[in-house]
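Please read the structure below before turning to the comments.
The values are calculated or read from the model by the stated rules, or taken from the named source; none is laboratory data. Given the structure is predicted, the values throughout are model-derived calculations rather than measurements. Every residue, glycine among them, receives a Cβ derived from its backbone with ideal geometry; neighbour counts consider all protein chains shown. Please note that ligands, DNA and RNA were not included when accessible areas were found on the heavy atoms of the full protein model with its side chains. Shrake-Rupley method; radii C 1.70, N 1.55, O 1.52, S 1.80 Å.
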Amino acid sequence: APEESLLSVNNIEVVYDDVILVLRGVSLEVPKGKVVTLLGPNGAGKSTTLKAISGLLATEDGEVTRGSITFEGEEIANKNPEDIVRRGIFQVMEGRRIVEDMTCLENLRLGAFTRRDGGAAIRNDIDMVYNYFPRLKERTGMAGYLSGGEQQMLAIGRALMARPKMILLDEPSMGLSPLLVKEVFGIIEQLCHDLGITILLVEQNARMALKVADFGYIMESGKIMLDGAKEDLINNEDVKEFYLGGD
Ligand code: ATP
């Protein structure tokens, strides 16, 4: 029997500015508690797919014009981003988008803005984030002074503060040194296992992404070209040649 999907994207088309067709029938399934990665070259439509799910598409004059997106069985295509955050989907944007003139702690508190539970639960979760990312606790200045890797950690930590069911991660490896990439991916894997958070991960770094993912989809020119379990993709000759760079 197929695993229960938390998120199903069914044959969606996405159009920007009423005329620019960017996604041409994209389907993907994200089972509960798994890490699924969406890979592909620049401009393939990976970020657009994430924005279609999170509702942020509308802020760029984009729209899902065909197909459906269901989360926990309910239609969410073209709903507003606040509605989607309330349902438990949280997107960590490419380029991080932390608030630079606030401290780490203030950024983390911002992440909890949709929660109705009290201060004690939120303080508890701040400790949990510091536990995953001990370095954030030591940095007491403005977040704008954090290194790229630390800002990425803060962006993920802030997402955790929303107690999401699902995190959409857009290129967490961008701008990080190989060592930090390893560290951030290790934490992504841990989050999924320890907290049961379902993750949809967009990456250019296919090698790292396939290490942590359970399933992968490969996208080109607004379409899914290939999909499969991690091992199938790692052993696929085309994937090896075009995405894993030979060795
Ligand atoms: P990258 O890794 O470079 O971010 P991507 O796979 O995430 O690539 P998208 O950012 O989704 O790709 O872009 C897919 C296509 O949609 C590109 O051709 C891009 O030019 C176009 N596009 C993206 N955003 C907009 C927008 N706001 N308005 C019009 N076209 C857009």
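Of everything in segment 38-59, what is among the aliphatic types (A, V, I, L, M), more than 6 Å from the ligand (Cβ to nearest atom) and open to solvent by less than 10 Å² (accessible area, probe 1.4 Å)? Give them in sequence order.
Of everything in segment 38-59, those that are among the aliphatic types (A, V, I, L, M), more than 6 Å from the ligand (Cβ to nearest atom) and open to solvent by less than 10 Å² (accessible area, probe 1.4 Å) turn out to be Leu38, Leu39, Leu50, Ala52, Ile53, Leu57.
Tell me which residues, restricted to segment 203-246, are of a type in the set (Val, Ile, Thr) and open to solvent by 60 Å² or more (accessible area, probe 1.4 Å).
Correct list: Ile234 only.
Looking only at residues that are of a type in the set (Val, Ile, Thr) and in a helix (DSSP H, G or I) in segment 60-102, which one is nearest to the ligand (Cβ to nearest atom)?
The residue in question is Ile84.
Any residue at all in segment 191-201 that is within 16 Å of the ligand (Cβ to nearest atom), within 16 Å of Lys34 (Cα to Cα) and touching a Pro at 6+ places or on another chain (Cβ under 8 Å)?
yes
Considering only segment 138-182, state which residues are open to solvent by 10 Å² or more (accessible area, probe 1.4 Å), closer than 16 Å to Asp127 by Cα and touching a residue at least 24 places away in the same chain (Cβ under 8 Å).
Listed by number, the residues that qualify are Arg139, Thr140, Arg158, Ala162, Arg163.
Please work out if Leu7 is among the aliphatic types (A, V, I, L, M), open to solvent by 30 Å² or more (accessible area, probe 1.4 Å) and away from the ligand (no atom under 16 Å from the Cβ).
When the stated conditions are applied, Leu7 does not pass them.
What pairs come up if the first residue lies in segment 109-127 and is among the polar types (S, T, N, Q), the second is modelled with pLDDT of 85 or more, and their beta carbons are under 7 Å apart, counting only those six or more places apart or on different chains?
Sorted first by the residue in segment 109-127, then by its partner, the pairs are Thr114/Val85; Thr114/Arg86; Thr114/Ala162.
Only one of (1) in contact with a Lys or Arg (Cβ under 8 Å, 6 or more places away or on another chain); (2) open to solvent by less than 50 Å² (accessible area, probe 1.4 Å); (3) over 24 Å from Ser173 (Cβ atoms) fails for Glu74. Which number is that?
Among (1) in contact with a Lys or Arg (Cβ under 8 Å, 6 or more places away or on another chain); (2) open to solvent by less than 50 Å² (accessible area, probe 1.4 Å); (3) over 24 Å from Ser173 (Cβ atoms), Glu74 violates only (2).
Taking the condition more than 13 Å from the ligand (Cβ to nearest atom) and crowded, with 21+ Cβ neighbours inside 10 Å, does Val35 pass?
In short, yes.
What number of residues within segment 122-141 satisfy the criterion of being in contact with a Lys or Arg (Cβ under 8 Å, 6 or more places away or on another chain) and modelled with pLDDT under 90?
Adding up the residues that qualify gives 0.
How many of the residues in segment 183-237 are among the β-branched types (Val, Ile, Thr) and part of a strand (DSSP E or B)?
Matching residues across segment 183-237 total 5.
Under 6 Å between Cβ atoms, at least 6 apart or on separate chains: pull out the pairs that start in segment 218-247 with a residue that is touching a residue at least 24 places away in the same chain (Cβ under 8 Å) and end on any residue that is surrounded by fewer than 17 Cβ atoms within 10 Å (Cβ to Cβ) and outside any strand (DSSP E or B).
Cβ pairs passing all conditions: Leu244/Arg207.
State which residue pairs qualify: first residue in contact (Cβ under 8 Å) with a residue 24 or more places away in the chain and in a strand (DSSP E or B) and inside segment 11-28, second residue among the aromatic types (Phe, Trp, Tyr) and near the ligand (Cβ under 9 Å from one of its atoms) in any location, beta carbons under 7 Å apart, and separation of 6 or more residues or different chains.
Val22/Tyr16
Anything in segment 16-32 that is of a type in the set (Val, Ile, Thr) and more than 9 Å from the ligand (Cβ to nearest atom)? List them, or say none.
The answer is Val19, Val26, Val30.
Scan segment 185-205 and report the pairs whose first residue is of a type in the set (S, T, N, Q) and whose second residue is in a strand (DSSP E or B) and buried (at least 21 other Cβ atoms within 10 Å of the Cβ), with Cβ atoms within less than 7 Å and a gap of 6+ or a chain change.
Thr198/Leu6; Thr198/Val30; Thr198/Met166
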